[in-house]
């Protein structure tokens, strides 16, 4: 073998022109082989078949304005009519507010504005005051929204306060027992915990029962996007913490807690959502004593929240199982307690790992809200369908346009959630692979 | 036995031997401790007394129970029989006492177990802030001091995934030291490292030993044992087979099993 030593570096050359730029991209992605070339042309033909008619229907021959159905009838306007956006325009108020009284609609608008106004700075990572923002969104906003939407001034009576006092006394008793007999917690922490629950709860009930001069609006009048968002947001917000607790409980060392969580999760996952909604609105009143009556929407909200919590629990459990044993040991060896370990070490990693699954559940839940139609609540889709029966607007393209609009609205929300989840995944990626 | 007598060791070009007085205060006492995994008797009748300032190296074939033994000391594993007293506190089911002991006992793992979602600095300050309730600024100052000691202060803002194995293990040591522990447990700290990174971790450990830290080290680094340990323990099949000072242990092992083990690892 001849002796060889490199004395000069080989030159760094640019890549050949055919592999870069548009030409390179086309060659690589569309025409890299005979099969690919054929598939490219078939694809182009399919696009030609599908896209122009959609554009024609939705834009070119669509009717954008009109007083009533006549504007969308081809025999009246004398041309082929595509989408009847005039229908959507005429019913826009109902689609957004349902049958909420027109003079009170500003309250719903205010709820929308406050909600999105607080949500946007929350989800943009570079904006400051995340803690205050979260406090507003999770603690203050729900109360404000509740009072604005219902009008507040709920009638609770003295019976409630007696019950509340008894509950607080029981909780204090449990805290005292846990601190002095079982010695699981410090008495001070126990009292603090009870106070942290009781004081805000009492404050919320007090504010909600005060007469703020807002006209009461029955939930049976709510509808459209309002109901969709109320059901979906409540479900999403409630399912997360309940789901996390259930997931932790299912992996608990304590048999009673584990058994309870398994039973809960399996029960709610085992029945269809329609059954849950049906039971909550039709069957439940049969078992309640005379005169006791929960609001129908409230029952639906509880049903949806528990249902999605069961799904969430399994998603979160998947994440928990993917955390290596060493992370628990590392945290324990540093003296972190169970809850601190979960909150600061295990859950941040587990939840990050299952963001796709969590958002999947959220999106599923958002679309499942349309099922509330079955118990007589008119959500976004329900209210659009209801308006198909309006004889003024009974044209051939009314229902197509209505469904298309519902689809677009749902898509905007779901796609938004999907993109945001991808953004968060990338942002939280610290480059570690176990 | 407490005061390990050491003869001058005229070894050719051996690294400087760490010599420190061992106190007669007891740091860890294990009395006839037994542990089972199901039916399998992993630790059999373990008796061990560790005095403050001792550097004990535990070696033995894999599956001999050496990791399990030191993991019992901070209750990552539960023992079923016998008594373990750490720093005057007996290990029982009492969660408070377990937490108290874990605060005083640092542990370094084979696979580092750094928290991948936190920066190096956050890894180091987490426990002081949340367990010891140290103010954040102070915790960060202490963390930087220890990161400097393990010679990687410039990595403080990075994530564990961006560091090499040796660097990660040094961070893990710094993280434990931030809790200001009285006893340090090392569970095969260099076994998962590439050969060229072992020395940087061992250097930190030697440094720590020179400062008088009470250390229990499970390792196969016999050079480290010679240089640092004042006592070497050989375990096999869940029992302590031989306990001796390093010179005697390596040059004149008493038990056949120790001889066999040494002949296999000291080629």
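Of the residues in the range A:265-279, at least one is surrounded by 14 or more Cβ atoms within 10 Å (Cβ to Cβ), in contact (Cβ under 8 Å) with a residue 40 or more places away in the chain, out of contact with any strand residue (DSSP E or B) (no Cβ under 7 Å at 6 or more places or on another chain) and within 25 Å of residue A:154 (Cβ to Cβ).
Counting the residues of the range A:371-403 that are buried (at least 18 other Cβ atoms within 10 Å of the Cβ) and closer than 30 Å to residue A:422 by Cα gives 5.
Listed by first and then second residue, the pairs linking a residue in the range A:403-430 that is farther than 20 Å from residue A:368 by Cβ and more than 14 Å from every other protein chain (Cβ to nearest Cβ) to a residue that is in a helix (DSSP H, G or I) and at pLDDT 90 or above, with Cβ atoms under 8 Å apart and 6 or more places separating them unless they lie on different chains, are A:404/A:58. Taken over the range B:62-99, residues that are surrounded by fewer than 16 Cβ atoms within 10 Å (Cβ to Cβ) and over 15 Å from residue B:182 (Cβ atoms) amount to 13.
Take residue A:118 and decide whether it is closer than 24 Å to residue A:392 by Cβ and either part of a helix (DSSP H, G or I) or under 26 Å from the mean Cα position of the chain (by Cα) (or both). Here the answer is no, as residue A:118 does not meet what is asked. None of A:80, A:86, A:139 is outside the structural domain of residue A:404 (by TED's automatic domain parsing), assigned to a helix (DSSP H, G or I) and at pLDDT below 90 except A:139. Looking at the range B:143-155, can you tell me whether even one residue there is facing chain A (nearest Cβ under 8 Å) and either buried (at least 21 other Cβ atoms within 10 Å of the Cβ) or assigned to a strand (DSSP E or B) (or both)? Looking for residues that are facing chain A (nearest Cβ under 8 Å) and either buried (at least 21 other Cβ atoms within 10 Å of the Cβ) or assigned to a strand (DSSP E or B) (or both), one finds none in the range B:143-155, hence no.
Within the range B:165-173, identify whether any single residue is touching a strand residue (DSSP E or B) at 6+ places or on another chain (Cβ under 9 Å), within 9 Å of another protein chain (Cβ to nearest Cβ) and crowded, with 17+ Cβ neighbours inside 10 Å, and answer yes or no. Checked against the condition, which is being touching a strand residue (DSSP E or B) at 6+ places or on another chain (Cβ under 9 Å), within 9 Å of another protein chain (Cβ to nearest Cβ) and crowded, with 17+ Cβ neighbours inside 10 Å, the range B:165-173 yields at least one hit. Scanning the range A:243-259 for residues that are under 12 Å from residue A:310 (Cα atoms) and surrounded by fewer than 19 Cβ atoms within 10 Å (Cβ to Cβ) yields a single hit, A:245.
Can you spot a residue in the range A:345-360 that is under 23 Å from the mean Cα position of the chain (by Cα), within 30 Å of residue A:149 (Cα to Cα) and not in a helix (DSSP H, G or I)? No: the range A:345-360 contains no residue that is under 23 Å from the mean Cα position of the chain (by Cα), within 30 Å of residue A:149 (Cα to Cα) and not in a helix (DSSP H, G or I). Is the range B:190-211 home to any residue that is within 14 Å of chain A (Cβ to nearest Cβ), modelled with pLDDT of 90 or more and under 11 Å from residue B:108 (Cβ atoms)? Within the range B:190-211, not a single residue is within 14 Å of chain A (Cβ to nearest Cβ), modelled with pLDDT of 90 or more and under 11 Å from residue B:108 (Cβ atoms). Right, residue A:410: within 20 Å of residue A:231 (Cβ to Cβ), out of contact with any helix residue (DSSP H, G or I) (no Cβ under 6 Å at 6 or more places or on another chain) and surrounded by 12 or more Cβ atoms within 10 Å (Cβ to Cβ) or not? Against the criterion (within 20 Å of residue A:231 (Cβ to Cβ), out of contact with any helix residue (DSSP H, G or I) (no Cβ under 6 Å at 6 or more places or on another chain) and surrounded by 12 or more Cβ atoms within 10 Å (Cβ to Cβ)), residue A:410 qualifies. Can you find a residue in the range A:355-371 that is in contact (Cβ under 8 Å) with a residue 24 or more places away in the chain and within 14 Å of chain B (Cβ to nearest Cβ)? Within the range A:355-371 (the criterion being in contact (Cβ under 8 Å) with a residue 24 or more places away in the chain and within 14 Å of chain B (Cβ to nearest Cβ)), the answer is yes, since at least one residue qualifies. Kindly check whether there is at least one residue in the range B:202-219 that is touching a helix residue (DSSP H, G or I) at 6+ places or on another chain (Cβ under 8 Å) and either assigned to a loop (DSSP other than H, G, I, E, B) or more than 30 Å from residue B:250 (Cα to Cα) (or both). Yes, there is a match, as at least one residue in the range B:202-219 is touching a helix residue (DSSP H, G or I) at 6+ places or on another chain (Cβ under 8 Å) and either assigned to a loop (DSSP other than H, G, I, E, B) or more than 30 Å from residue B:250 (Cα to Cα) (or both). Condition check for residue B:138 on (1) within 11 Å of another protein chain (Cβ to nearest Cβ); (2) over 17 Å from the mean Cα position of the chain (by Cα); (3) assigned to a helix (DSSP H, G or I): one failure, at (1). Residues that are at pLDDT 90 or above and at positive phi do not occur anywhere in the range B:214-225.
Has the range A:333-344 got at least one residue that is in contact with a strand residue (DSSP E or B) (Cβ under 9 Å, 6 or more places away or on another chain), in a helix (DSSP H, G or I) and within 12 Å of another protein chain (Cβ to nearest Cβ)? Checked against the condition, which is being in contact with a strand residue (DSSP E or B) (Cβ under 9 Å, 6 or more places away or on another chain), in a helix (DSSP H, G or I) and within 12 Å of another protein chain (Cβ to nearest Cβ), the range A:333-344 yields at least one hit. Within the range B:118-135, the set of residues being more than 9 Å from chain A (Cβ to nearest Cβ) and either without any contact (Cβ under 8 Å) to a residue 24 or more places away in the chain or closer than 16 Å to residue B:207 by Cα (or both) comprises B:122, B:129, B:133, B:134, B:135. Restricting attention to the range B:96-111 and to residues that are more than 8 Å from chain A (Cβ to nearest Cβ) and closer than 24 Å to residue B:159 by Cα, the residue that is farthest from the chain's Cα centre (by Cα) turns out to be B:110.
The values are calculated or read from the model by the stated rules, or taken from the named source; none is laboratory data. The structure presented is a predicted model; accordingly, all values stated were derived computationally and were not measured. Positions of Cβ are generated from backbone atoms using ideal geometry, with glycine treated the same way; all protein chains shown enter the neighbour counts.
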